[in-house]
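Chemist: The structure follows.
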Amino acid sequence: MERVKGFEPLTPTLARLLLPIFGPFIEFSISVCSCYFSSLRSIPFPRIAIGHVFVAKWWLNGSERKHPLPTIKLTKRAVGFIKPGQRPCYYFDADLPGFFLRVMPSGVRAWGYEYRLGSGRSAQKKRITIASFGSLAPDEARFEAKGFAADVTRGSDPAAEKSAKSKASTVAELVELYEREGCFIQRGIRQGEPMKERTKAYTLARLKHHVIPQIGKKHVIEIGAGDVERFVRAIGAGVTAKDEKIGPRTRVIVRGGQGAARKVVRDLSAVFSFAVRRGIMPANPCNIAAVRKTDNKRERFLTLDEVQRLGEALDTLEKAGANSKALNIARLLALTGCRRDEIAGLRWDEIDFERGLLILENSKTGKSIRPLGVSARVLLETIAQNTSSPFVFPASQGNSHYQGTKQIWPKVIALAELPGVTLHTLRHTMGSTAVSSCEALALTGAILGHANSRSTAIYAHVQNDPSKQAADRVSRIIAEALDTSRC
């Protein structure tokens, strides 16, 4: 239907403004004219006037049907005059196609952008909210809309991406899911088995104290390799370190540094691998991040002279009244090459004196059988068995095993003048001494309880004294052949 002749096109917004103002006046005029001309039946003015008014009303309302979305220049001044209607209304910008202001009947307003996926009128039309009206000025919202327009031009779907992001888990939520369903060994011979309780506790503690404070609120699909690199550098710089009292005689001490950063990034990589297997993430960003995940190879071990000083320090402290449980644990660690908790938590039923074996039911690598040397057996036979506890070294209180070796160990290394030596150094000493004594790697691995030879290889450091003696012997032979006085 055509517009009334003589009328210039009006924008739908202007039509909305004019109709409430002039509509009542025109209708009143029609009513007066109808009464006046009712006696003059020969003049059909009322019918003509009423017809023109209805046509005018149709033109004003019809413009809304033909152009259901009003278009104005969205400026701060213009949007200030817009009032809420009885239903949601979208006011589109005259300069940037697709940029709009949504006005709800409640008065709530928001900036948005409308676009089509594909080309042609049949392409799907979608809308995305930019921000609330008060949070961004019109020019700022228009700038964001231009960014969405550029994304659409490149083939992206901003609305779908925003919807996926809103449904995606945050890193904190992923860590909670990992705690409930993902704390399992991911590789090796124990793949699929649950983590040890202590391993699980330490892993979750690192995630909660380092990961969640830094990137916990980020969505997992937003995390990239760059985020991982910045996160690791922050931990290495000590950003997450803290010493916080959380209760009576209870503190949370979080240490940052490079060592902590390497441990945490391994934990985070395991969490992301779990997310990939669940279909939560497309890929693990830790795999391509330029970060170091391996610890420094420990080359520190004790020479025989240092072992002798260690023994003398243990004897001295025992005579001074130090706890014999801690001292015997240290001696057995040196004599067996076991891990600290394997000896501290050793049970009597795990010792086979007749065959000279330790049958550990719950070691780091699962069930493990270790050869037990004569010296270690003699030491174990001198320890009195407590019938009320299954442990070789029971705790003074409670039903657990003794855990006070770490408190006495600093006194031991100070007396023996062995700075930097840890309890794990004793295990490393066993491995290096075995290889230096020409024991095969396979036999050394059996002593240490390694599941594969690669683990044993890191302990295969030849002690310096035997290698120096060999070098002296070989160089002397070559020197004699060269007939030189240097020897």
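The values are calculated or read from the model by the stated rules, or taken from the named source; none is laboratory data. Because the structure is a prediction, the values reported are computed rather than measured. Positions of Cβ are backbone-derived with ideal geometry, glycine not excepted, and every protein chain shown enters the neighbour counts.
Chemist: If the requirement is being of a type in the set (D, E, K, R) and modelled with pLDDT under 90, which of these qualifies: Glu176, Glu181, Glu229?
Modeler: Glu181
Chemist: Applying the selection to the stretch 71-129, what residues are among the aromatic types (Phe, Trp, Tyr) and surrounded by fewer than 17 Cβ atoms within 10 Å (Cβ to Cβ)?
Modeler: Step one: of the stretch 71-129, the residues among the aromatic types (Phe, Trp, Tyr) are 81, 90-92, 99-100, 111, 113, 115.
Of everything in the stretch 71-129, those that are among the aromatic types (Phe, Trp, Tyr) and surrounded by fewer than 17 Cβ atoms within 10 Å (Cβ to Cβ) turn out to be Phe81, Tyr90.
Chemist: Sticking with this structure for a sec: Can you name the residue in the stretch 225-258 that is over 16 Å from Lys293 (Cα atoms) and of a type in the set (S, T, N, Q) and is also surrounded by the most Cβ atoms within 10 Å (Cβ to Cβ) among such residues?
Modeler: Thr240
Chemist: Let me ask another. Counting only residues that are at pLDDT 85 or above and of a type outside the set (Val, Ile, Thr), which one in the stretch 283-296 is surrounded by the fewest Cβ atoms within 10 Å (Cβ to Cβ)?
Modeler: The qualifying residue surrounded by the fewest Cβ atoms within 10 Å (Cβ to Cβ) is Ala290.
Chemist: Let me ask something else. With respect to Ser34, determine if the residue is outside the structural domain of Arg154 (by TED's automatic domain parsing), assigned to a loop (DSSP other than H, G, I, E, B) and either at pLDDT below 60 or of a type in the set (Phe, Trp, Tyr) (or both).
Modeler: Here the answer is no, as Ser34 does not meet what is asked.
Chemist: If you don't mind, another one. Output the residue which, of all residues in the stretch 246-277 that are of a type in the set (D, E, K, R) and free of Cβ contacts under 8 Å to residues at least 24 places away in the same chain, is farthest from Glu229 (Cα to Cα).
Modeler: Arg249
Chemist: If you take the residues in the stretch 137-179 that are outside any helix (DSSP H, G or I) and touching a Lys or Arg at 6+ places or on another chain (Cβ under 9 Å), which one is farthest from Ser273 (Cα to Cα)?
Modeler: The residue in question is Ala137.
Chemist: Restricting the search to the stretch 180-202, which residues are among the basic types (Lys, Arg), outside any loop (DSSP other than H, G, I, E, B) and under 20 Å from Val276 (Cβ atoms)?
Modeler: Passing the criteria: only Arg180.
Chemist: I would also like to ask the following. Just one of the numbered conditions (1) assigned to a helix (DSSP H, G or I); (2) over 20 Å from Ile359 (Cα atoms); (3) among the polar types (S, T, N, Q); (4) modelled with pLDDT of 85 or more is not true of Gln469; which one?
Modeler: (4)
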